[in-house]
Amino acid sequence: EYQDRTELGHKYGYPQDVRIISRFGFIVGWKCYDALLDQLGPKIKETPNLKVQFLTSFHFAAKEESLSKYRNLMTICRKYEIEKQVHVITDFLPDETAIERLSMSDIGLLYAPVHTYSVSAAAEMFVSARLPIVVSDSSHFTNIQEGCWRSGSLDLNEYVTLLSTVIDTPLRDIEDKRRELEVRYKKTNWVEVGIQHVSLYNKILEGKVDG
């Protein structure tokens, strides 16, 4: 069942009248967290009721790179004076907490500028939270088709243009996407997904994939 998004927002300190966009996953170079925020910065600044959550953690095999990207995010927040609108969490969150934070959000972000040989574990977290997603046209996200707006390419400018449009989308259209994800959620074999995630997590620990 849907969790009460107003109650979750109150739990995590977000007013009811804000629109929340969220991203989840390791903060590594190829995911372009900093470039995305830099492109989106002006839109965030001109939209006072917009809040951004980056639910990240430093990658086990690339801690220095992750730290560098985190510092870039802080610099970009200062550049656009959006420190109060952007919340970057770098603790490794329990799944329950991450899903709650995603569930209270309005729009999820999945961006990768490259094609990969793996699929996104983060995408299934968005499905669990029934959070509509703006995705780039990467093979990394082939496991998510419902409940999303898909960019026509890997280009960051095109992705941010689509995201800016979705941010201004009426709430009823976002809720239509959320209902699509509810259907997807009920069809998913979550035992199989869990097995896949354990396998992926072990590969991440071994430094075989970026996560």
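Inspect all residues belonging to the range 92-112 and state whether any of them is surrounded by fewer than 16 Cβ atoms within 10 Å (Cβ to Cβ) and in contact (Cβ under 8 Å) with a residue 40 or more places away in the chain.
no
When the range 121-147 is examined, which residues are found to be touching a residue at least 60 places away in the same chain (Cβ under 8 Å) and in a loop (DSSP other than H, G, I, E, B)?
Once the filter is applied, which keeps residues that are touching a residue at least 60 places away in the same chain (Cβ under 8 Å) and in a loop (DSSP other than H, G, I, E, B), the range 121-147 yields ARG130, LEU131.
Hey, LYS51 hits all of (1) in contact with a His (Cβ under 8 Å, 6 or more places away or on another chain); (2) in a helix (DSSP H, G or I); (3) open to solvent by 30 Å² or more (accessible area, probe 1.4 Å); (4) under 25 Å from LYS11 (Cβ atoms) but one; which does it fall short on?
Of (1) in contact with a His (Cβ under 8 Å, 6 or more places away or on another chain); (2) in a helix (DSSP H, G or I); (3) open to solvent by 30 Å² or more (accessible area, probe 1.4 Å); (4) under 25 Å from LYS11 (Cβ atoms), only one is false for LYS51: (2).
Just checking, does the range 59-81 include any residue being assigned to a loop (DSSP other than H, G, I, E, B), modelled with pLDDT under 95 and open to solvent by 30 Å² or more (accessible area, probe 1.4 Å)?
Yes, the conditions are met somewhere in the range 59-81.
Could you count how many residues in the range 113-139 are at pLDDT below 85, open to solvent by 10 Å² or more (accessible area, probe 1.4 Å) and within 14 Å of the chain's Cα centre (by Cα)?
Selection size over the range 113-139: 3.
The values are calculated or read from the model by the stated rules, or taken from the named source; none is laboratory data. All values derive from a computational prediction rather than experimental measurement. Don't worry about glycine lacking a Cβ; one is built from the backbone with ideal geometry, like all the others, and counts go over all protein chains shown. Calculation scope for accessible area: heavy atoms of the full protein, side chains included, ligands and nucleic acids excluded. Shrake-Rupley method; radii C 1.70, N 1.55, O 1.52, S 1.80 Å.
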